[in-house]
Structure formats: C-alpha cells, structure tokens
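Some notes on the structure that comes next.
The values are calculated or read from the model by the stated rules, or taken from the named source; none is laboratory data. Since this is a predicted model, take the numbers as computed values, not measurements. Using ideal geometry, Cβ is built from the backbone for each residue, glycine included, and neighbour counts are taken over all protein chains shown.
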Amino acid sequence: MEIQKILVVDDDKPISSYLQRKFAKLGYTVYVAEDGEEAVKQAFSNRPDIILLDVKLPKMNGIEVCKQLKADETTKSIPVLMLSAKAQSFEINEGLEAGADKYLCKPMSFPDILGEIRAYERK
Amino acid sequence: MKTIDMVKEEQQRRLLQEYIFDLEDIKEKAEEITIAHEKLKQSQDLIMAVLGSTTHGICLLRNRTFVWCNKAFTDILGWELEEIIGKTTEMIHPHIGEDEKSNIIYDASHNNKLIMHEYDLAHKDGSHVTCLVTGRLFDVKDPSRGHVLSITDFSERKRMEEELRKHRNHLEEMVKERTAKLQTANERLHMEINERRHVERALKESENWYRTIFENTGTATVILDENTTIILANDEYERLSGYTRDELESKRSWTEFVVKEDLNRMMESHKQRRIDKKDAPKSYEFRFRDREGHIKNIFLTIDMIPGTKRSVASLLDITERKKAEDALRESEERFSKAFQASPTPTIISTITDGHYLAVNEQWCQMMGYSRDELIDHAAHELSIWAYPEERNALINNYAERGFCRDELIHLRTKSGEIKDVLCSAETISHKGENVILSLFHDITERRRMEEERQALQERLYRAEKMEALGTLAGGVAHDLNNVLGVLVGYSELLLLKMDEASPIRRYVIDIMKSGERAAAIVQDLLTLARRGVQAEAVVNLNTTIMDYQKTPDFKKLFSLHPKVQIKTSFETDLLNIMGSPVHLGKTIMNLVSNAAEAMPNGGTLNIATRNQYLDRPVQGYDHIREGDYVILSVSDTGEGISTPDMNHIFEPFYTKKVMGRSGTGLGLSVVWGTVKDHNGYINVQSQEGKGSTFTLHFPVTREEIARDRISVPVSEYMGHGEFILVVDDVEGQRELATRMLMELNYRAANVSSGEEALEYLKDHKADLIVLDMIMDPGMDGLDTYKRISEIHPKQKAIIVSGFSETDRVKKAQMLGAGAYVQKPYIMEKIGLAVRRELDS
C-alpha cells in the first residue's frame, strides 16, 4: 500500500513537532493532533494512510481513539501504530485488543519509527 | 494495578523519547552546519582567489576609513596593510578636501551607480601613481556599511604579476587561518544549537561581502570551468560581452567570445594551465568579440583557483589604448618615411648638444658624409660649420624665438667645399623627447648662377656702351675730318703764300699744328668707331714691341719717367696673328705709357708675350673662348685702378690724368677698339696700391710672315713618307697636325680618341703616334699609350698638350714615349720633334 498522509497524535509538543518535521522532510503529508478527540476528528476529515498514536492523551486516551476508529467502516482499515511510554505487557495487550496494528514502546529512534512505517508501505 | 516503579519507568521512557529526538535533531543540525561551513570555505576560497588574481587594488571603506584591502592595493601604493587599516583616505589622496570631483568617489554612498575616475594617488615614497578608481556601495540598502573601491594601475602590469603570486600565498594563509577559526566555531556550534541562526547570517553576509567585491573590482571578471563554461560573471563582464548574467552563467563558453585567430593559442593555454599552471601565461592580450560582433582588445589576467580545475580571469578593455598606440606608431612611421623620402635635406638633432639623431639621404648627399659618419656626432665636431660665429648667432636666435626660418649659413662638406645654405628649424617631439628638426635649402648653385648672370650683364652692358660710343665717335670724326681738312689745307696754303718774315706766320703754324693734332685725335676716334682698321697683315707681336721700343716716343716716355724700370719677356717661338701693325703699335704705346704714368714714383714695367692654348673658356673681364692665342701683357707696380673706375676705363675721355698733360683721353678706347677689331679679348687685373696688369688675347694665325725668319732649314725636319697617326679629341687640332705633317712629306691619319686609336692599330702599323695627353671622354694619353704598348711594344710616340708637363706626361715618357710638345705649336716645332723621335 502507498503511504502519503500520516497522522501523528501526541500531546508532547517537542515529540510531535520533531516527527512532523522529519516526515515532512521525507515528502509525507503530516497532520498533528494533540488530544484524543482531535485525533478522531482528523482521522475522519483527513483520511490519513497511517496513524501514529500515543496512548496517554488528554480528553480521550489512545485506547479509546483506536476502538472508535476500528469500529467505523470508513476508518477501520487505516493501520494504527501505537507509540507509548507504557511498556507493561498488560498495557501492550490492552492496546492490541483495542485494535492497534502495532504497539511500539518509547523510547524509539526516528529511523526505527520510519522502519515500521516503511514496513506497511511494502505490504 | 500499576506500581510506582511502573509509573517511574513510563515517565523515564517519555523523557528518553524526547532526549532521543533532541539528540537526533542536534546531530542533524550539526551535519547541516558542517555542510554550511564547507560551502562557506569554498566560497571564501573562490573569492579570495578572485581577489588575489586581480591586478586591481581593492579596499573596503567605512566613513572614508580603510576597513580592509587586498595586497594589490597596498602594493600599488607602497603602504603596508597595517599602515593603511584604520587610516582615512587622505593618506592616499592628500588633496581630497579641495577637490569636489575627488569627493564623489569617496561619497559614492549616495547612489548605487558605479563611479569611475582617474586620479594621481599618493605612493608611500612620495611619488604619484596614476590609477583608475572605481567605487560602489557595499550594501545598497545600508550606506553606513561603507563602499568598495577598486584601483587599477596600468603602468605596472608586469610588476603586479609577481606580486600577485606572493599575494596568493598570503591569501592561502589567510584562508587557512579563517578555516581554523571556522573550525573552532564549528565545535562551538555543535554544542550550542541556538547559535546556528547567527552562523547562517554570518555566512550570508560573508557571501554578500565577497560577491560585492567580486562585482566591484572594476574589471570584467569571470570564473571558468575546465570544459570552458563560464560559471560566474560580474556586471562588468555583462557590459563587456553584451549578455546578461543569466544568459552567460553555465550557458556559454568563453571560447564564443574569442576571435578565431586567437582561439587556438588560448585553448592551448587553457589546457596547459590545468596540467601545470607554470607553463601557461598568466597574462596576455587577445581580441574579444561581443554580442554585437564588435572586436575589442583585451588585456587578460588569469589564474587557477587553488585545489580546483577552475580558473578566474580578469579582462581589461584596452581597445582605446591600443588604438592610440597604433595611431601613434603609424604617425611615427609616416613621419619617418616622409623624412627619408623628402627631397629637402633634413636632420633631427638633440637640443642640448646638437648631436645628429637622424639624417635623411638628401642631407648625406649634400654634405658628402655617410649616415654612419654623422649619427651621434655633432656638426661642430665634424667642422661642418664653415663659420662658427654663424652657429652661435643661429643658436642665440633659436633660443630667443624657438624657431628659425631661411637663415643663410655656410656649411663645409666632407670634401671641403663651402655651401650657401638656407636653414629652417623648429622644436618637435620625437619619440617622447624634444628635439630640433632642421630643413636645409642648398642655394650655392643658384647664387653662383646669379653672380655669373650679373657678370654677363655687366659685360654686355659694357660692350653695348662701347658700341654706342663708337658709333657716336665715328659720326663726329667723319664730320670733323671734313672740317679739319679745310683747316689744315688752308693753313698749309697760307704758309706757302706768306712771307717768311711775316710776324703772323707763327700763328698760322700753330693753327696748322693744332689742326694736325686734332686730325690725330679724329684718327683715334675712328679706331674706336672701328672704321678703317684693316687687320689683314700677318704680324708677330714680338717684332711690333721691339719696333715700338726703337721709336722716339718710347725714348721720350722713359726720359720723363727715369725711375721706371722696364723689363721684357718674349716667347721665342711666338705665333703670328692677323692684324694691323699700326693699330697694334698704338695699342702697345698706349698701354706702356699708361703703365709708366701710373708709377710717378717709379716701379717696374713688364711687357711679356707668350703662346697659350685654352682648352676651355675663361671667365674674366671678358668672356674668352677656347683656342690658340698669342698673349700680350703689360703690367705695372703703380697706383692701381679703383673698382668703380674699372667699369669705365675703356670709355673715351674717361681719364684720371690731368687733362692736357698727356694723351688725348682716348688711349684705352683705342686699345679696346683695336683688340675687338682683332677678334681678341682683354683681361684687366688691378689692385689699388699694388699695380695693374692688362692682358690681351689675340687669336693666332697659321700663316707665315712673308719676310724671312731666322729658323731651322725645313730640310732638317722633312719626312720620308713615314706613317704618322694623330690622336686628338679636338677636331681642329687634329686636322691642323695632320695637314702640317702631310706638308712635311709624311703620310698621316687621325683618330679622335684613345679607344679609336687602339681599334685602328689592331690592323695598322704606325711609325709614330702624335698623342694628345688630355682627352675627354675616354682614356687619356697615358692610358692610351699603355694599351698601345701592349699591342706594339716600343711604339714610337710624341706627346702634345695644352697644359704644362704633368706627372702623367712623365709617366708616359718613362714607358717609352718621346718628346713633349706644348700647344699651340708651329710646324717647325712639331716637325723637329717628330723627326728627332723617328731618328732616335
């Protein structure tokens, strides 16, 4: 599949802006959401090709965001990559059960993150 | 439930994620900065190479104070870098305040136009350097940042090349230094990410800085790639080529701007420079073709940018200079050709000491010197000035007026001849030096001709005057003769009828004597009128003089002048003339009595005769034609005749003597008339206080006097049919000799030149040759005799000549030729010489 649009969801500003700059530099169109509600709204309006989703978010957490997106016909096919500081196995399970396609534990280098994105491009 | 540790771990993970991203970001920025520094370094290398390669001095001014300058700038003006930096422009332009024009260049800050002026800038050593100065704002938006000045010194292109080389080394050091500094900055940037913006600004400014300098060097400057593409070009290059930068950079090759004839040579240099730049010329001239096809002469300075295959070139348009140079050269060539080809003798000499710098062919011809003998010598060294005082006068005159026109001077040629020359001179600039150009006009010949014409006119005038007087005298004499006939006749009759004792008989006798005296005067007048002179007798002047010496007149004359000593010198073989013995006697008497009377206090009176052959006309009181002459000369050591009198002495009644004391006032008139009636000539030489000489030329006659002569019997020199060849270039002479010899029973033939004689003798044999010594043109007698001796050894010959015995005559005699006979000769003389030579 072809990936052109990436939605980055993180309330930590240095992280989201860094990711936005790095992806933009590589030619992707990047959308940023800083809370759960904003994330859902953007997922519907911008129809990203992939979503990089933090779990600990204001207003609505990442698990809830993932569940809503996976429950809707129009958004359920969008791969959701969870990127979270929560690294306990139950937390990982919770994310996967909510419908996340991949659960990544912080800290991750940008090349590693890019690697995961590229993996979907090759599918 | 989550433990505290789990919460801590989650927080740590979150922080770590931020750190990782920060680190990544720093790393990335650091890489960017490294690249930026690399770019900056390249840019600086490039610009420094440009500034280093240029022969133009470049500086950055802020408030008229030097902030930076390149080495060319300091080198042109002789100052050290540290002496200039921080100083104001007054240092190189001391009169800046006084000159509004000067201010413009330093206050270029008010507009963005390139200002260009020529100035004399002050060198450290006090001298002046003429420079083309251009100025432009460093930053158009911010005049406070100062402006860039560029100065160009045309006159010292070569010296600057050498200094450029040094300068480049210096720049390399500067670049190294800067690189080191930048490295330090790099490290700092690695640590302090926030400073990157500042660095970027510095980079941008630095680039602007160098770009501005590149743009404002005042000369067209380009950077060229190995494949001949123009990578960078400045405004001046746009102007020069007619293309915009966008049309040039990376799009055109420099080869498009070079004329075909120069391209190969430049392409060779282009390649060679990239192999070893030492082998390629650093600067040269070539012809540039711009967009419109105009050809421009360009002075190019080029060098490699260190560490690259690129070169940087400065192009200076010297078309106008070249044109001026060519025009000057052509003008000098034209002058030189005109100078050499001029038909007017012309020289160029130094003002200070008059040494010849150049002389033309005409001058050499006129003076008889070769060019090498003249150049670098002065006229006074070669004694060319005939009168040095003329030189001094001319120099003074020249110094006063700065030129001279048609001044008459006298110059001595190499052969010693003095020439009358008109000289015009003035100062000209020749090869950058003030020299004197002098033109000459040789008027020697013209003056000689004028003098000759003057003399001719005088003679003509004299002859006409004598003619007119003669006619007058003749008319008077004729009437007077009738009157006197009556007077004398009746006086005689009266005496016959008168008583012997009559007291009035005495008066009648006086009347008759006076009448007779008057008749004598009339007779003289008739001589002057040239009527009644019969020049038909054969006369020998020696006899005439001796006859006169026996007369009572002569004896009476010398009893009156006892202190006068008389000497005679007669040519023994004096030739005869045709004439009237009576008139010739009167002539001698008049000349002798005049001579005696000219010496009241005594002196010597000389009477001489001689034969003379004139082979060319003689200019004197009279114009005497060539030919054989008998000459009578009467000279005294008396008072002499003054120059004004000289023109009148032959006029009747023009006398200096006291009237009535002696003579009739017609003495010299009678002489004149007599000589003219004898087809002769008169020459008078006189010097006041020293005496006078009257020389009379009478043409000879070959006729013999009927009376007996004391001479050798003809039988002694008669021929016996021997064959004689006469060689003489003068027809009359050779006919005369031939006839004389035939008369003497010789067989004779004649030829008119030595060459003909040789031709004749190839198949003839002569018993003797009568050989003229002087023949013109062709061989003379000596050469002819030499050649004849080759065909006929021991050929007998005698030599005749109108001149006295010369070395050439003696040489011929040493070779075997016999006697020498001087012309004119009589039959006896030549007959005896021939006879004796044949019998020897």
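Take the residues of segment A:40-61 that are hydrophobic (A, V, I, L, M, F, W, C) and over 21 Å from B:Val7 (Cα atoms): which is surrounded by the fewest Cβ atoms within 10 Å (Cβ to Cβ)?
Result: A:Phe44.
Of all residues in segment B:472-500, which are under 16 Å from B:Met512 (Cβ atoms) and acidic (Asp, Glu)?
Of everything in segment B:472-500, those that are under 16 Å from B:Met512 (Cβ atoms) and acidic (Asp, Glu) turn out to be B:Glu492, B:Glu500.
Is it fair to say B:Val618 is modelled with pLDDT of 85 or more and on the phi < 0 side of the Ramachandran plot?
Judged against the criteria, B:Val618 is not a match.
If B:Asn540 satisfies all but one of (1) out of contact with any helix residue (DSSP H, G or I) (no Cβ under 6 Å at 6 or more places or on another chain); (2) surrounded by fewer than 18 Cβ atoms within 10 Å (Cβ to Cβ); (3) farther than 29 Å from B:His648 by Cβ, what's the number of the condition it fails?
The failed condition is (2).
Any idea how many residues of segment B:422-444 are within 14 Å of B:Ser336 (Cα to Cα) and in a strand (DSSP E or B)?
4
Say whether the condition of being crowded, with 19+ Cβ neighbours inside 10 Å and of a type in the set (Lys, Arg) is met by at least one residue in segment B:621-637.
No, segment B:621-637 has no match at all.
How many of the residues making up segment B:359-402 are within 19 Å of B:Glu433 (Cα to Cα) and touching a residue at least 24 places away in the same chain (Cβ under 8 Å)?
Going through segment B:359-402 one residue at a time, the tally reaches 3.
Go over the candidates A:Leu52, A:Leu19, A:Leu57 one by one and state the one that is within 20 Å of A:Tyr120 (Cα to Cα), within 14 Å of chain B (Cβ to nearest Cβ), not in a helix (DSSP H, G or I) and not aromatic (Phe, Trp, Tyr).
Of the residues listed, the single one that is within 20 Å of A:Tyr120 (Cα to Cα), within 14 Å of chain B (Cβ to nearest Cβ), not in a helix (DSSP H, G or I) and not aromatic (Phe, Trp, Tyr) is A:Leu52.
Condition test on B:Glu207, is it charged (D, E, K, R), modelled with pLDDT of 70 or more and surrounded by 14 or more Cβ atoms within 10 Å (Cβ to Cβ)?
So B:Glu207 fits the description; yes.
Scan B:Asp510, B:Asp547 and give me the residue that is at pLDDT 80 or above, in a helix (DSSP H, G or I) and assigned by TED's automatic domain parsing to the domain that holds B:Ser669.
Just one listed residue meets the conditions, B:Asp547.
Being modelled with pLDDT under 90, farther than 21 Å from B:Ala463 by Cβ and either aromatic (Phe, Trp, Tyr) or part of a loop (DSSP other than H, G, I, E, B) (or both), is that true of even one residue in segment B:582-590?
No - not one qualifying residue is present in segment B:582-590.
Output yes when any residue across segment B:70-92 is part of a strand (DSSP E or B), at pLDDT below 85 and crowded, with 19+ Cβ neighbours inside 10 Å, and no when none is.
No, segment B:70-92 has no match at all.
Any residue at all in segment B:373-393 that's in contact with a Cys (Cβ under 6 Å, 6 or more places away or on another chain) and surrounded by 14 or more Cβ atoms within 10 Å (Cβ to Cβ)?
no
Which residues, counting only those in segment B:711-769, are on the phi > 0 side of the Ramachandran plot and out of contact with any His (no Cβ under 8 Å at 6 or more places or on another chain)?
Scanning segment B:711-769 gives a single hit, B:Gly721.
Taking A:Glu116 as meeting all but one of (1) within 14 Å of chain B (Cβ to nearest Cβ); (2) under 17 Å from A:Ile15 (Cβ atoms); (3) of a type in the set (Asp, Glu), write down the number of the exception.
(1)
Which residue, of A:Glu64, A:Glu37, is buried (at least 17 other Cβ atoms within 10 Å of the Cβ), charged (D, E, K, R) and in a helix (DSSP H, G or I)?
None of the other options fit; the residue is A:Glu64.
Is segment B:303-325 home to any residue that is assigned to a strand (DSSP E or B), surrounded by fewer than 16 Cβ atoms within 10 Å (Cβ to Cβ) and within 50 Å of the chain's Cα centre (by Cα)?
Among the residues of segment B:303-325, not one is assigned to a strand (DSSP E or B), surrounded by fewer than 16 Cβ atoms within 10 Å (Cβ to Cβ) and within 50 Å of the chain's Cα centre (by Cα), which makes the answer no.
Do we find that B:Asp45 is touching a helix residue (DSSP H, G or I) at 6+ places or on another chain (Cβ under 8 Å), within 8 Å of chain A (Cβ to nearest Cβ) and either under 24 Å from A:Arg21 (Cα atoms) or acidic (Asp, Glu) (or both) in this structure?
Spelling it out, it is not the case that B:Asp45 is touching a helix residue (DSSP H, G or I) at 6+ places or on another chain (Cβ under 8 Å), within 8 Å of chain A (Cβ to nearest Cβ) and either under 24 Å from A:Arg21 (Cα atoms) or acidic (Asp, Glu) (or both).
Which of the following residues is within 14 Å of chain A (Cβ to nearest Cβ), closer than 30 Å to A:Ser89 by Cα and surrounded by fewer than 17 Cβ atoms within 10 Å (Cβ to Cβ): B:Gln12, B:Gln17?
None of the others qualify; the one that does is B:Gln12.
I'm trying to understand the selection: among the residues of segment A:73-112, which are part of a loop (DSSP other than H, G, I, E, B), more than 9 Å from every other protein chain (Cβ to nearest Cβ) and among the aliphatic types (A, V, I, L, M)?
Across segment A:73-112, the qualifying residues are A:Ile78, A:Ala98, A:Ala100.
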